[in-house]
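*Asks:* Input: one structure, supplied below.
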Amino acid sequence: MSSHIVVTDELFFNEVRKYITDEQSLDMIRRAHDFAREKHEGQFRKSGDPYFSHALNVGYILATIQAGPQTISAGLLHDVMEDCGVPYEQIAELFDEDVANLVEGVTKIGNIQFKDEKEYLAANHRKIFIAMAKDIRVILIKLVDRLHNMRTLAFHTPEKQKKIASETLQVYAPIAHRLGLAEIKNELEDLSFMYLQPEKYREIAGLVEAKKAERQQIVDEMIEEIRQLLQEHNFHFRIFGRCKHLYSIYNKMVTKNKRFDEILDLYAIRIVTETELNCYEILGYIHAQYRPVNGRLKDYIAMPKMNMYQSLHTTILDKRGYIFEVQIRTEEMDDIAERGVAAHWSYKEGKYNSASEQKEIENKLGWFHDMITMMDEASLEHPTDFMNQIQKDIFEANVYVMTPKGRVIELPNGSTPIDFAYRVHTDVGHSMVGATVNGALVPINTKLKTGDVVNIRTSKQSTGPSEDWLKIARTATARSKIKAFLQKKENEDRAEVIAKGEKMLTEEVRKRGLDEKEYLDKSRYEGLYGQLGVNNYPELMYAIGIKSSSAAHVLDKVSNIRRPTLVDNDTLTSMFREREKKKKRIVAEGGVVVEGIDSMKVALAGCCMPVYGDPIVGYITKGFGVKVHRADCPNIINETSRLIDVQWDDSLDEHTYECWLRLDAVDRNFLISDIVTLLSQYKITITGLNSEVLPDKVNSYVEIRIKVKDNVQLQNVIDNMRKIDSIVSVSRIVK
């Protein structure tokens, strides 16, 4: 795919006729060619060339990858809507709807209003992916369009060169890579590199050129040795040297912090043979003849990359100490390696159906299916959110793990079973209760590695993801789905609690025989909001529902509200002082304030063990005074009539509170030691500890009683315990 070829009409049509012979198809391409030439007449590029030369080059490159007649026609016409004002209907009438849809898809990618460059890029890139999801041929045309624009970028200003090159490197080259279009991807990267870092580009190009002859001789000698070896064993094969692209060399030098002469696969050889079996046999003979470099064997035949790439890779040392990367693959694999999706979608006369081909590509490209799924996420409405998700979950994915049925899932480094579960399906993530990796039960924060076989354990009784999962999930996909679930659950739970609060208020009104119309009127309670620390009626009902305020207390308050009368300041002062005298207020042990009680015993409940700062409520027991519970304690959750308002005393001197924690974990040596060490670091006193290994001999739990000064310190301890290796969950216990 040379950038130096001058494309003429004759060269273009000769390339098309190599694989398209159907007269109707050829006629469509001719008409598209002539129509585009006519419409672009009088338009010129920055280079001074007629604008149609760009359209002709796009059509020619599409023909070299054997695109179908509709795709080539759309490539020739891709700018006539935007630059020549040709409407969709005219293209559909002159050609067909398929061509018109492709041209419209390419045109829409470029047309967008934006506030700033960052938002423009994100929104524009999102449009690229949406267009690609609808019809992958759209992005094929757009990639080829960008490739030719990069080849002619020299005629733009330096500022525009850098802007276009940067966008190409960040978005278009990764798309080409994910589609397996190696030639296009490599050329886009090298051209971008040349404009973004011209000095580095020239430096590496000079190093490559300086050693070209010497390197070629070394490769040729190695090729001859391997050729003789394989001929002795009667293989049918092709063997040739492979050049490393400049940006690839530079990228390895930067990411691996190596000098030019340290890059392992500068000497590269490719062997193309007939069958998969031949590939493995050839690998065996090469390893028998040459010393393989440890850890450098990669089997992409058994586990293809997500862009359908298949090959065996090995790195060997020859007798002189030179290091070679050898790739071994079949002819079909080589075709896919070079042309990717285009190889699968090469035009075959009499067998072509765009809809079925699109579905086939979606099925073969796992990441493409994932990307389409991302389009449906309601939480990703902002384009920058969408682009961040695509960038992290698709472009940075390089860990290959499998489902038990052999489906390969590609994830970013550091991904966990949670990320895997949500990549399989949203419902699998929401109902996940555990995971096994390679047959062994593991914590859900385990980092997955290439080759792992992951099985997600689900349960219909699962309550769904917790907020802790957001700290574990690596992918934006999983995080967005967890957030959406938690937000929905919070809204549902809140609505349920508000309804419960309204019911409790109604019951209290009826119990007192009050007028329901008057006392269930929302406006009646507006004067209480400030006193009760709420902002509106739903918040008041929520407070009643969670029992941080009781319906009885609210009705007592609202019954005392009178219509304002004109009273002088002296009278108001006297009334206030009189009320304060009558007010009874005690501070019980543990720092709980109870108003209106002067003789009843008040104590913290031993079941839920409230800690300073927890939402609390008082419960009047029979004969044991007032027990102060956490507001969410299951032991008083259904009580309505014996609850009273209590609160923490802010003026209390420093005090400590006991509470029980339960830690669920995958059992291992020194687990208890690590827990105790962490608590000692935070100067936390331990007052009790129980631990047991479960019958499965894999999991265990630890119950531990500690002393803390408030719920802020407690939450800090819990958060840090969750970071201990093999801890799955940490929660407070209600005894």
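*Asks:* Test residue 507 against the criterion of being farther than 30 Å from residue 436 by Cα, acidic (Asp, Glu) and in contact (Cβ under 8 Å) with a residue 60 or more places away in the chain, and give yes or no.
*Replies:* Yes: the conditions hold for residue 507.
*Asks:* Write out, first by first residue and then by second, each pair whose Cβ atoms fall under 7 Å of each other, whose residues are 6+ apart or on separate chains, and whose first residue, in segment 89-105, is closer than 12 Å to residue 73 by Cα while the second is at pLDDT below 90 and buried (at least 19 other Cβ atoms within 10 Å of the Cβ).
*Replies:* As it stands, the answer is 101/135; 102/135; 102/137; 102/138, since those pairs meet every condition given.
*Asks:* Could I ask something else about it? Condition first: part of a loop (DSSP other than H, G, I, E, B) and either in contact with a Gly (Cβ under 6 Å, 6 or more places away or on another chain) or modelled with pLDDT under 75 (or both). Now tell me which residues in segment 408-434 satisfy that.
*Replies:* Of the residues in segment 408-434, the ones part of a loop (DSSP other than H, G, I, E, B) are 413-416, 425, 431.
Those that are part of a loop (DSSP other than H, G, I, E, B) and either in contact with a Gly (Cβ under 6 Å, 6 or more places away or on another chain) or modelled with pLDDT under 75 (or both): none in segment 408-434.
*Asks:* Considering only segment 506-523, I want to know if a residue exists there that is surrounded by fewer than 16 Cβ atoms within 10 Å (Cβ to Cβ) and β-branched (Val, Ile, Thr).
*Replies:* Taking every residue of segment 506-523 in turn, at least one turns out to be surrounded by fewer than 16 Cβ atoms within 10 Å (Cβ to Cβ) and β-branched (Val, Ile, Thr).
*Asks:* Need a quick list: helices (runs of 4 or more DSSP H) entirely within segment 444-540 having at least 1 residues that are within 30 Å of residue 717 (Cα to Cα) and modelled with pLDDT of 85 or more. Steps first, answer last, please.
*Replies:* Numbers: elements: 469-472, 476-511, 516-519, 529-532.
Correct list: 469-472, 476-511.
*Asks:* Select from segment 434-489 the residues that are touching a residue at least 24 places away in the same chain (Cβ under 8 Å) and among the acidic types (Asp, Glu) and write down the one among them that is farthest from residue 420 (Cα to Cα).
*Replies:* 468
*Asks:* Please go through segment 187-218 and pick out each residue that is of a type outside the set (D, E, K, R), surrounded by 14 or more Cβ atoms within 10 Å (Cβ to Cβ) and modelled with pLDDT of 90 or more.
*Replies:* Selection gives 188, 191, 192, 193, 194, 195, 196, 197, 201.
*Asks:* Determine the pairs where a residue that is farther than 14 Å from residue 9 by Cα, located within segment 27-46, has a partner that is assigned to a helix (DSSP H, G or I) with Cβ atoms under 6 Å apart, the partner being 6 or more residues away or on another chain.
*Replies:* 28/69; 28/73; 39/80; 39/84; 40/52; 46/155
*Asks:* What are the residues in segment 670-693 that are assigned to a helix (DSSP H, G or I), surrounded by 11 or more Cβ atoms within 10 Å (Cβ to Cβ) and not hydroxyl-bearing (Ser, Thr, Tyr), if any?
*Replies:* 671, 672, 674, 675, 676, 678, 679 - these are the residues of segment 670-693 that are assigned to a helix (DSSP H, G or I), surrounded by 11 or more Cβ atoms within 10 Å (Cβ to Cβ) and not hydroxyl-bearing (Ser, Thr, Tyr).
The values are calculated or read from the model by the stated rules, or taken from the named source; none is laboratory data. If you're wondering where the values come from, they're calculated on a predicted model, not measured in any experiment. Neighbour counts run over all protein chains shown; Cβ positions are idealised from the backbone, glycine included.
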